[in-house]
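The values are calculated or read from the model by the stated rules, or taken from the named source; none is laboratory data. Treat the numbers as computed from the prediction; the structure is a model and nothing was measured. Note: ideal-geometry Cβ built from the backbone for every residue, glycine included; neighbour counts use all protein chains shown. Remember, those area values only see protein heavy atoms, side chains included, never the ligands or the DNA or RNA. Shrake-Rupley method; radii C 1.70, N 1.55, O 1.52, S 1.80 Å.
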Amino acid sequence: MKKLYLNTGGFDTIFNELKDTFNGELTSTANEYKLTFKSKWAKGTISGARFEKEMTYMHFDLTFYDDVNLSMESNPSAPVFFAYCTKGRFAHSFGVNGENKTIKEKHSGIVSNTSAINSVLSFESHKQIQFSIIGVPTFVNAKEDNIDFVTQLRKKFIHESGNYIHQGVQNLKVKEKFQELNSIPQKGTVRYLLMKSILRDIVEHEIAQHSYNYLNTFDPIVNLAVRQIGEIKRISSMNFSEVLHAAGTASLHFFPRVIKGKYHFSFKPYNQKLAS
């Protein structure tokens with residue numbers, strides 16, 4: 001078992017610490033960083049971008065040749081972390097002896113930690129792991145432009161115990177946003193602004209999904225669909241869940257259950273002719 005430690009600091013400090021830890025090659029341009037390394041105990045890349053005080057983003061593509069624990073010091077800015085695993089799996093715990101929560105492929109996790117306990121990530125040897133993390137600080141100046149956004153984050157994801165973690169299947173809309181993020185062709189300032197916008201969209205989608213009034217947010221969409229269902233029958237061979245998917249409103253598994261229970265619709269293809 002190899003044990004690594006990452007202290008609190010700015011984005012420059014974090015990447016320089018990672019460079020020393022992995023003995024890798026670090027390149028940076030403006031607000032983006034990329035660390036490449038290959039050694040006897042690990043290989044891969046760690047890339048990231050910082051967006052002033054508002055947000056940070058990191059992507060990891062790693063293979064370890066020994067089991068690894070990465071202990072990260074609690075951050076005074078109390079960030080909420082949104083983690084998305086695209087290959088392999090890793091585990092998270094609050095402290096070395098805390099309960100392990102596994103985040104596997106096509107799943108996501110949301111973590112906040114306002115206590116003095118370190119967050120620990122655990123990785124298995126000889127298994128490639130790919131995951132991304134968005135970090136949003138929640139201790140900010142009251143005069144900041146994004147104070148309402150931060151307030152929503154604190155209400156949803158900061159727990160009075162000091163520790164919060166949620167695991168679940170990665171949302172389809174979030175997956176599509178990451179595909180959009182990874183295919184940005186532009187460079188420089190345009191790329192920076194597009195990345196910031198997409199990452200902000202992902203976090204806002206997570207806030208909406210975990211809000212108590214999440215269903216009410218989509219009631220107007222559902223009601224419109226109800227009023228127009230006759231026309232849909234006439235012109236479309238799509239079933240209703242496909243219509244919702246095309247609209248990009250939410251997960252295919254979530255909305256059919258809601259609408260079936262609330263409006264008593266069955267999700268069969270509407271390809272029958274109207275009764276004369």
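Test ALA83 against the stated conditions and say whether it is surrounded by fewer than 18 Cβ atoms within 10 Å (Cβ to Cβ) and either in contact (Cβ under 8 Å) with a residue 24 or more places away in the chain or among the hydrophobic types (A, V, I, L, M, F, W, C) (or both). Spelling it out, it is not the case that ALA83 is surrounded by fewer than 18 Cβ atoms within 10 Å (Cβ to Cβ) and either in contact (Cβ under 8 Å) with a residue 24 or more places away in the chain or among the hydrophobic types (A, V, I, L, M, F, W, C) (or both). Tallying residues that are among the aromatic types (Phe, Trp, Tyr) and either under 13 Å from the mean Cα position of the chain (by Cα) or assigned to a loop (DSSP other than H, G, I, E, B) (or both) within segment 103-143 yields 2.
Check segment 126-136 and report whether any residue there is touching a residue at least 12 places away in the same chain (Cβ under 8 Å), polar (S, T, N, Q) and surrounded by 14 or more Cβ atoms within 10 Å (Cβ to Cβ). Yes, the conditions are met somewhere in segment 126-136. Quick check: anything in segment 62-69 open to solvent by 40 Å² or more (accessible area, probe 1.4 Å), part of a strand (DSSP E or B) and touching a residue at least 24 places away in the same chain (Cβ under 8 Å)? No, every residue in segment 62-69 fails to be open to solvent by 40 Å² or more (accessible area, probe 1.4 Å), part of a strand (DSSP E or B) and touching a residue at least 24 places away in the same chain (Cβ under 8 Å).
If the condition is being over 20 Å from TYR164 (Cβ atoms), surrounded by 17 or more Cβ atoms within 10 Å (Cβ to Cβ) and at pLDDT below 90, then segment 183-210 contributes no residue at all. Taking (1) in a strand (DSSP E or B); (2) open to solvent by 70 Å² or more (accessible area, probe 1.4 Å) in turn, PHE90 satisfies each apart from (2).
Pairs are defined by a Cβ separation below 6 Å, a sequence spacing of at least 6 or placement on different chains, a first member in segment 192-205 that is over 16 Å from GLN152 (Cβ atoms), and a second member that is part of a helix (DSSP H, G or I); the pairs so defined are ILE198/LYS177; ILE198/GLU180; ILE198/LEU181. Taken over segment 2-24, the residue count meeting the criterion of being exposed (fewer than 12 other Cβ atoms within 10 Å of the Cβ) and in contact with a Leu (Cβ under 9 Å, 6 or more places away or on another chain) is 1. Looking at LYS3, is it in a strand (DSSP E or B) and at pLDDT below 95? Yes, satisfied.
Of the numbered criteria (1) outside any strand (DSSP E or B); (2) touching a strand residue (DSSP E or B) at 6+ places or on another chain (Cβ under 9 Å); (3) more than 18 Å from PHE123 (Cβ to Cβ); (4) free of Cβ contacts under 8 Å to residues at least 60 places away in the same chain, the one LEU18 fails is (3). Residues in segment 25-41 that are open to solvent by 40 Å² or more (accessible area, probe 1.4 Å), out of contact with any strand residue (DSSP E or B) (no Cβ under 6 Å at 6 or more places or on another chain) and in a strand (DSSP E or B): 3 in all.
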